[in-house]
Amino acid sequence: MQKILIIEDNPMVVRSLEFKLKKDGYEVVVAEEGRQAMKLLEEQIFDLILTDLMLPFVTGTQIIEHIKKTYPKIPVIVLSTSTQEDIITDAFKMGVDDFITKPFSPSELSLRVKRTLAKQ
Amino acid sequence: MNGALKHILFVTTDSDAVAVFNTYLNPNEVRVSNFTSGMGVIQYIKQIGEADLLILEEHIKPLGAVQTIHYLKDSINYSGEILILSDSGVSEIQTDEGTFEVLKKGFDKSDLDRVLNLLSENKEQIVELDSKPYSLSYLSNLSDGDEAFIYESLKIFNESVGQCVTEIENLFQQGNYKEVSNLAHNIKPSFEMLENSLGSTICDQLAHSPVDSSKAEQVELLKKEYLKVQEYLKQDFPDLFKTI
């Protein structure tokens, strides 16, 4: 089973992502902030990372930088709000694979996750 | 006007225009959902559907009215009425998708009467809307109607958003405006998942425009809107509020 790491601090968004992705047949692990995510990345192997950009303690940009440097093969999808165009552009420059706006469309999430994993 | 509640999607960053709109229009007849970007309204229409009228500020960033109309018409075949809010002095704006009437910036009561007339004429697209400050349709759609998931999500909304709103109030009083913005950004999707556009708009304004002491009214409004949702949830889901 493919394993996805969600890095997100809004509990309602987390629960929704978890529900939908588990329903789609993925194993899901959640980190509510960047430091916890970094620890999980050291301990476990993930096939995909979904990350928010505004996180407590470590910013999303720092997380992406760390992932792309340390785990360059893991694809990253950014979870953003519709008003973060500049930040999303920067994230793409750092090598993220895709982005999904919050609250996400369930079918769009399934499609983008499947497509990103298929590219691996 | 027809008895059914009409729905207007109003895309502008002009808080004065929003205030005038909400002052003039009778909330029993017209429900106004505010958005501060074309992308926000596109996302809303894709997820929820068309309204009776869409009003787009001409030069709103990053997608202006013309680009937003192009996207709506081209990608999702939007067929609803559209007005462009503009201070250019023209009465109509031509685009590749057709000619659109202008609602002049600084509009007054007579201009809004024209909006109401437009809504009255637009009888084919009347949508009966729930006047509740929340809707379960997003959560229901996401979970294929899984009641346990919906209930759990409402519980999370009530607890997490309530806590954040209190924190926002405290941080605002302490003058920690950066953290107010961060928290508002964090809870914005929670309001959106319950399709509460007022809560979402206020969060957006607190998160993405400079916050200072002048934003006290918005902080207060956000609290009121959360309490309004909570009140309705109490009526509809009393078990959510039972303590063990």
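The values are calculated or read from the model by the stated rules, or taken from the named source; none is laboratory data. Nothing here was measured: the structure is a model prediction, and the numbers come from that model. Cβ sites come from the backbone with ideal geometry, for glycine too, and all protein chains shown count toward neighbours. We work out accessible area using only protein heavy atoms, side chains counted, and drop any ligands, DNA or RNA first. Shrake-Rupley method; radii C 1.70, N 1.55, O 1.52, S 1.80 Å.
For trypsin sites (Lys or Arg not before Pro), the sites in region A:20-120 that DSSP calls loop and that have at most 10 other Cβ atoms within 10 Å are A:LYS73, A:LYS119. Checking the a/c ratio against 1.5 first, then a/b against b/c, what shape does the Cα gyration tensor give for the protein assembly as shown? Verdict is prolate for the protein assembly as shown. Taking the DSSP bridge list for the protein assembly as shown and keeping only pairs wholly inside it, about 10 percent are antiparallel. Excluding ligands, DNA and RNA, the accessible surface per residue across chain B is 48 Å² with a 1.4 Å probe.
If you put +1 on each Lys and Arg Cβ and -1 on each Asp and Glu Cβ, how big is the dipole of chain A around its Cα centre, in Debye rounded to 20?
Values: 16 positive and 18 negative charges, 83 e Å.
Magnitude of the dipole: close to 400 debye.
Give the shape of chain B as rounded, prolate or oblate, defined through the alpha-carbon gyration tensor: a ≥ b ≥ c are the square roots of its eigenvalues, a/c under 1.5 means rounded, and otherwise the shape is prolate if a/b is larger than b/c and oblate if not.
Here chain B falls in the prolate category.
Restricting the chymotrypsin sites (Phe, Trp or Tyr not before Pro) of region A:5-64 to loop positions (DSSP other than H, G, I, E, B) with no more than 16 neighbouring Cβ atoms within 10 Å leaves A:PHE57.
With point charges of +1 on the Cβ of Lys and Arg and -1 on the Cβ of Asp and Glu, referenced to the Cα centre of chain B, which listed residue (B:GLN173, B:HIS70, B:SER88) lies farthest in the positive direction of the dipole? Projecting each Cα onto the dipole axis, the largest value belongs to B:GLN173. Bridges between two residues of region B:6-121, per DSSP, are antiparallel at a rate of about 20%. Across peptide A:96-109, the mean count of Cβ atoms from other chains lying within 10 Å of each residue's own Cβ comes to 4.
Please report, in debye to the nearest 20, how large the charge dipole of chain B is about its Cα centre when each Lys and Arg carries +1 at its beta carbon and each Asp and Glu carries -1 there.
Details: 20 positive and 39 negative charges, 91 e Å.
The dipole magnitude comes to about 440 debye.
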